Amino acid sequence: MKPTTLLPLLGLTVTLALAPCRAALLDGQTWLDHVSQDLAPFWYQAAEGIEDGAYPSFLCNDASHPDPKALQAKPAGLCPELASPPDWIAEGLAYQWTRMVSRQSFAYAMLFHLTGDPKALALARQGVDFLRNRALLPHDPQQRGRDGAITRFQDGQAADSPADRTSQDLAYIGLGLAAWYYISGDEAVLADLQRLQDHLFTAYLDRVHQRLTWYPASRTQEQQVELVAQLDQLNAYLVLLAPWLHGQQQALWHQRMAWLARALVRDFYAPAEGRFYGYLHDDSGLLPSARHADFGHSSKSFWMLYLTGRQLGDPLLAKLAEGGLYPLLARAYREDQLKNLPMPLPAGSDGSQQVGWWGDRDGENGSAWWEYAELDQAAATLGLANAAPRRYLEQTWPSWFASFVDKQHGEVWGWIGAADSLKVHLWKNGYHSLEHALIGYLSAQAFQGKPVTLYFARPLPVGETVPVYYYRAKVLACQPVTGQHGIWQLTLSPPQLP
């Protein structure tokens, strides 16, 4: 058994490897412009012609819809990015993945949250209706979620079996439900999510090892032991919604958050290496080159543990996570001349200035869109309490816009500087790009001591301190939007840590 002592991390001192030249942090308006100009048009086009929330799992890079029958047959007439995708994507082309409907619903909820656009609110509602009425089992409105959910469809019919449904897929089905409850306070949706969560923590409970299984615990075949089976319960819904709950329900959520945190640290954390193992069912999972051994999964693990520790009033857990994040960010940070990086040069640049960006793992450059976003978000969160991590963002935020954002068709590429990588597939959707923009806006405003403007489909009491995504802020003003029934514009104080 590997050592799990936490003490060596708690007094760790880290020197940040940063550029000698300081750059100004992007302001909140830059992030709002990113949402309205780069993200919203793409996702509005992606929803054209869809009225029941059955959002497709695959789109061409210009947001156009491929023919579902063509996807199954994979003919040459598909757009090039879908005609010859990597094998791991090609294997999923025949299906509509429920987790991706959920992620797209999240994206519309956050579009509404940042812009107040009723169109985004309506699209989020449609996606949530699909999840509740089509995916959650049984379909009885009073019991939805009790038996889990359908994780993929083909031709409108379930294309999975209960034994093949993973705990990660079910967690991400909860993501869209959680986003809807966050912006609307819809108690019926919370009840559905609660039943889905209860199903996860019973049907996927490993009583011997005190963690969640990958497939249902009743499955007789050998189980995979996966980091994300634990982590993504925190990431998808628990950490976001627990501050909104009360009484016994909040106590239950806190208990499960603490239980998952123990499993993450006890079983997956490698303190001597400053990272998390991605899986444990095979010895290969211990290697630095293993699946999910990247900086993205480790930073997200530390980030969720940090937020969990602060929410639960567990200073040891929060200190462990903070002590792990600082050196991880220092290892992930890359700095080089723009002309030597796999990214297009910003207008007017000769490639001679320093630039900072995030790498994939130790000794490897390049970065996927989601892990770059996670590293930015972790640095921004630490930056709410300590100015030092903000210096990373002075470089990495501009590099995001220079290398990931498609200014022609919108959204972001899947790999840094790769202007031909798929934008929408069985794992990539608007979830990470919208979360990244939201946290960029909230933290940029906080760094400058400025209030934030957000939109909810419910009023919140003026003068009270409320959760604002993963943070908290005081409601300074709350007023209904003229001509838009059920939409409130809120002005809140600069966000702070929970």
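The values are calculated or read from the model by the stated rules, or taken from the named source; none is laboratory data. Just so it is clear, the structure is predicted and the values come from calculations on it, not from any experiment. Here Cβ is always computed from backbone atoms with ideal geometry, including for glycine, and neighbour counts include all displayed protein chains.
Among the numbered conditions (1) modelled with pLDDT of 85 or more; (2) over 12 Å from T396 (Cβ atoms); (3) assigned to a strand (DSSP E or B); (4) of a type outside the set (A, V, I, L, M, F, W, C), the only one that R334 does not meet is (2).
So, S421, is that one within 24 Å of the chain's Cα centre (by Cα), at pLDDT below 95 and under 28 Å from E335 (Cα atoms) or not? The answer is yes for S421. Scanning segment 71-91 for residues that are in a helix (DSSP H, G or I) and surrounded by 20 or more Cβ atoms within 10 Å (Cβ to Cβ) returns L71, E81, L82. Of the residues examined, S161 is not one that is hydroxyl-bearing (S, T, Y) and within 26 Å of H246 (Cα to Cα).
Identify all residues within segment 363-420 that are in a helix (DSSP H, G or I) and among the acidic types (D, E); write none if there are none. Before you say what the answer is, go through the steps one by one.
Looking only at segment 363-420, we keep the residues that are in a helix (DSSP H, G or I), and these are 369-383, 390-403.
E371, E374, D376, E394, listed by residue number.
Of the candidates Q489, Q445, the single residue that is in contact (Cβ under 8 Å) with a residue 12 or more places away in the chain, assigned to a helix (DSSP H, G or I), touching a strand residue (DSSP E or B) at 6+ places or on another chain (Cβ under 9 Å) and over 22 Å from D360 (Cβ atoms) is Q445.
Of the listed requirements (1) surrounded by fewer than 21 Cβ atoms within 10 Å (Cβ to Cβ); (2) in contact (Cβ under 8 Å) with a residue 60 or more places away in the chain; (3) closer than 22 Å to Y333 by Cα; (4) not basic (K, R), W415 misses just one: (2). For first residues located in segment 133-149 and over 19 Å from T202 (Cβ atoms), partners that are in a helix (DSSP H, G or I) and among the basic types (K, R) and lie 6+ apart or on another chain with Cβ distances below 6 Å do not occur. One residue alone among A94, A107 is outside any helix (DSSP H, G or I), over 21 Å from G483 (Cβ atoms) and either modelled with pLDDT of 95 or more or not hydroxyl-bearing (S, T, Y) (or both), and that residue is A94. Cβ-Cβ distances below 8 Å connect the following pairs, each with a first residue in segment 34-55 that is closer than 20 Å to E435 by Cβ, a second residue that is part of a loop (DSSP other than H, G, I, E, B) and among the aromatic types (F, W, Y), and a separation of six or more residues or different chains: A46/Y55; A47/Y55. Report yes if some residue within segment 172-186 is of a type outside the set (V, I, T), in contact with a strand residue (DSSP E or B) (Cβ under 6 Å, 6 or more places away or on another chain) and in a loop (DSSP other than H, G, I, E, B); otherwise report no. Scanning segment 172-186, I find no residue that is of a type outside the set (V, I, T), in contact with a strand residue (DSSP E or B) (Cβ under 6 Å, 6 or more places away or on another chain) and in a loop (DSSP other than H, G, I, E, B), so the answer is no.
Filtered by the rule that a residue be more than 14 Å from E226 (Cβ to Cβ), out of contact with any His (no Cβ under 9 Å at 6 or more places or on another chain) and either surrounded by 24 or more Cβ atoms within 10 Å (Cβ to Cβ) or in contact (Cβ under 8 Å) with a residue 40 or more places away in the chain (or both), segment 275-288 gives a lone residue, P288.
Any residue at all in segment 60-68 that's among the charged types (D, E, K, R) and either closer than 16 Å to A109 by Cα or surrounded by 14 or more Cβ atoms within 10 Å (Cβ to Cβ) (or both)? Among the residues of segment 60-68, at least one is among the charged types (D, E, K, R) and either closer than 16 Å to A109 by Cα or surrounded by 14 or more Cβ atoms within 10 Å (Cβ to Cβ) (or both), which makes the answer yes.
Say we look at segment 202-220 and pick out the residues that are outside any loop (DSSP other than H, G, I, E, B) and not β-branched (V, I, T); which of these is farthest from L231 (Cα to Cα)? Within segment 202-220, the match that is farthest from L231 (Cα to Cα) is A203. Flag not set for A402, criterion: more than 20 Å from the chain's Cα centre (by Cα), buried (at least 23 other Cβ atoms within 10 Å of the Cβ) and either closer than 30 Å to S493 by Cβ or at pLDDT below 95 (or both). If the condition is being within 25 Å of L93 (Cβ to Cβ) and either surrounded by fewer than 21 Cβ atoms within 10 Å (Cβ to Cβ) or not hydrophobic (A, V, I, L, M, F, W, C) (or both), then segment 140-149 contributes only G148. The residues in segment 219-242 that are at pLDDT 95 or above and more than 18 Å from the chain's Cα centre (by Cα) can be counted, and the count is 2. Is it fair to say A477 is of a type in the set (A, V, I, L, M), outside any loop (DSSP other than H, G, I, E, B) and crowded, with 16+ Cβ neighbours inside 10 Å? When the stated conditions are applied, A477 does not pass them. Considering segment 191-219, and only residues there that are of a type in the set (K, R) and touching a residue at least 24 places away in the same chain (Cβ under 8 Å), the residue that is farthest from A261 (Cα to Cα) turns out to be R219.
Taking the criterion of being surrounded by fewer than 20 Cβ atoms within 10 Å (Cβ to Cβ), under 22 Å from the mean Cα position of the chain (by Cα) and farther than 24 Å from P451 by Cβ, the only residue of segment 22-43 that qualifies is P41. Looking across segment 35-59, the residues that are aromatic (F, W, Y) and under 22 Å from P85 (Cβ atoms) come down to F42, W43, Y55, F58.
Of S167, S102, which residue is crowded, with 23+ Cβ neighbours inside 10 Å, more than 24 Å from Q72 (Cβ to Cβ) and polar (S, T, N, Q)?
S167
Residues of segment 122-139 that are buried (at least 24 other Cβ atoms within 10 Å of the Cβ) and either of a type in the set (G, A, S) or under 29 Å from S443 (Cβ atoms) (or both): L123, A124, G127, V128, A135.
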